[in-house]
Amino acid sequence: MQTTKDKTWLSLSAHQCSGVIRLGEYNILTDPDCEEEICADNVQDYRPAELIVHKDYGKPQFKNDISLIRVDREVNFTNYITPICTIYGPQMTKNYVGGTTEVAGWGIFDIDNPKPSIKLQTIKLPVVDNEKCEVAFKYHADIGSTQMCVGGVVGQDSCGGDSGGPLMYVDTVGDDVPRYYLIGVVSFGAKRCGATTMPGVYTRVSYYLEWIMNNMHS
């Protein structure tokens with residue numbers, strides 16, 4: 001789940017949208033979160049005021065896995081709660097294959113001990129060609145242009161509980177300042193995450209940007 005620059009909207013996968021929305025979390029067992037005597041601000045809890053699931057979610061299976069949530073009040077941005085940048089211009093058609101992305105979430109950390117992580121985890125993974133994905137998932141799903149494939153590295157993957165999380169790419173556009181951009185949303189992958197070279201599948205944000213903007217401003 002990630003905040004957009006509009007202070008009341010969040011984007012996430014369509015199959016992962018329920019409950020209280022907490023921002024600014026790192027360690028779910030502590031509040032505030034502190035590392036080496038430096039403490040973050042307290043977490044902020046919000047309630048969903050509106051949920052918009054893509055009308056074609058799951059048609060066909062696994063496709064259009066994206067939704068938007070409008071929270072009940074404006075998000076208070078801080079040094080620890082910031083919006084992610086929206087892709088635009090040349091990023092809309094950029095071929096990210098071979099590039100390094102970053103995924104974040106509290107999903108399963110150890111596939112042999114399948115429990116959610118208590119701390120926010122991040123991992124850097126390469127974008128792979130969709131053709132590799134099509135081969136890997138040929139008996140399970142039809143991979144198309146609305147999706148992108150990431151990973152395929154043994155021991156490194158997003159996993160159960162990470163769904164709806166951001167696939168981020170650091171880019172410099174316009175002013176040459178590196179910023180995190182949202183290019184994908186965690187959707188699905190192998191049952192045993194990271195056990196093989198099967199990549200994970202993510203919703204491709206560029207394909208849905210018009211849908212996102214139209215619904216945010218409608």
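Nothing in this text is a laboratory measurement; each read-out follows from the coordinates by a stated rule. None of these values were measured; they are calculated from a predicted model. In this analysis, Cβ positions are derived from the backbone assuming ideal geometry, glycine residues included, and neighbour counts consider all displayed protein chains.
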> Once you put a point 7 Å from the Cα of ASP142 and another 7 Å from the Cα of ARG22, both along the Cβ direction, what distance in nm separates them?
Replying inline: 4.0 nm
> Taking 0.36 nm per residue of separation and subtracting the Cα-Cα distance, what length does fully extending GLU74 through ASP175 add?
Replying inline: 33.6 nm
> Which ³J(HN,Hα) values, rounded to whole Hz and listed in residue order, are derived for the range 209-217 from phi using the Karplus coefficients 6.51, -1.76 and 1.60 in 6.51 cos²θ - 1.76 cosθ + 1.60 with θ = phi - 60°, glycine and proline given as x?
Replying inline: 4, 4, 4, 4, 5, 4, 6, 5, 9
>> Skipping prolines and chain starts, which residues have an amide H placed within reach, meaning under 5 Å, of the one on GLY184, given they are 5 or more residues away or on another chain?
In response: LEU167, VAL205
> Where a Cα-Cα gap under 12 Å defines reach, which aspartates and glutamates qualify for LYS59, not counting those fewer than 8 residues away within the same chain?
Replying inline: ASP142
> Size of the dipole of the range 85-207 about the Cα centre, Lys and Arg at +1 and Asp and Glu at -1 on the beta carbon, nothing else charged, in debye to 20?
Replying inline: 240 debye
> Which order, highest average first, do 99-106, 55-62 follow once you tally other Cβ atoms within 10 Å for each residue and take the mean per peptide?
Replying inline: 99-106, 55-62
> By how many nm would the segment from ASN95 to LEU209 grow when fully extended, if each residue of separation counts as 0.36 nm and the alpha-carbon distance is taken off?
Replying inline: 39.4 nm
>> Taking only the Cα atoms of the range 102-191, how large is their convex hull per residue, in Å³?
In response: 108 Å³
>> Charges at C-beta only: +1 for Lys and Arg, -1 for Asp and Glu. How large is the resulting dipole of the chain about its Cα centre, in Debye rounded to 20?
In response: 740 debye
> Average projected area of the Cα convex hull of the range 55-100, in nm²?
Replying inline: 6.2 nm²
> Say the dipole of the chain comes from +1 at the beta carbon of Lys and Arg and -1 at that of Asp and Glu; which of THR8, PHE109, MET92 then lies farthest toward its positive end?
Replying inline: MET92
> Could you state the per residue volume, in Å³, of the convex hull enclosing the Cα atoms of the range 1-114?
Replying inline: 183 Å³
> From the Cα gyration tensor of the chain, with a ≥ b ≥ c the square roots of its eigenvalues, which class applies: rounded if a/c is under 1.5, or else prolate if a/b is larger than b/c, or else oblate?
Replying inline: rounded
> If the chain between GLU50 and ASP110 were fully stretched, how many nm would it gain, using 0.36 nm times the residue separation less the Cα-Cα distance?
Replying inline: 18.2 nm
> So, with +1 on the Cβ of K and R and -1 on the Cβ of D and E, and no other charges, what is the size of the charge dipole of the range 41-129 about its Cα centre, to the nearest 20 debye?
Replying inline: 200 debye
> Based on DSSP H runs of at least 4 residues, each adding -39500 (n - 2.57), what is the mean residue ellipticity at 222 nm of the chain after dividing by all its residues, to the nearest 500 deg cm²/dmol?
Replying inline: -2500 deg cm²/dmol
>> What does the net charge come to around VAL53 if you take all other residues with beta carbon closer than 12 Å to its beta carbon, with K and R at +1 and D and E at -1?
In response: -1
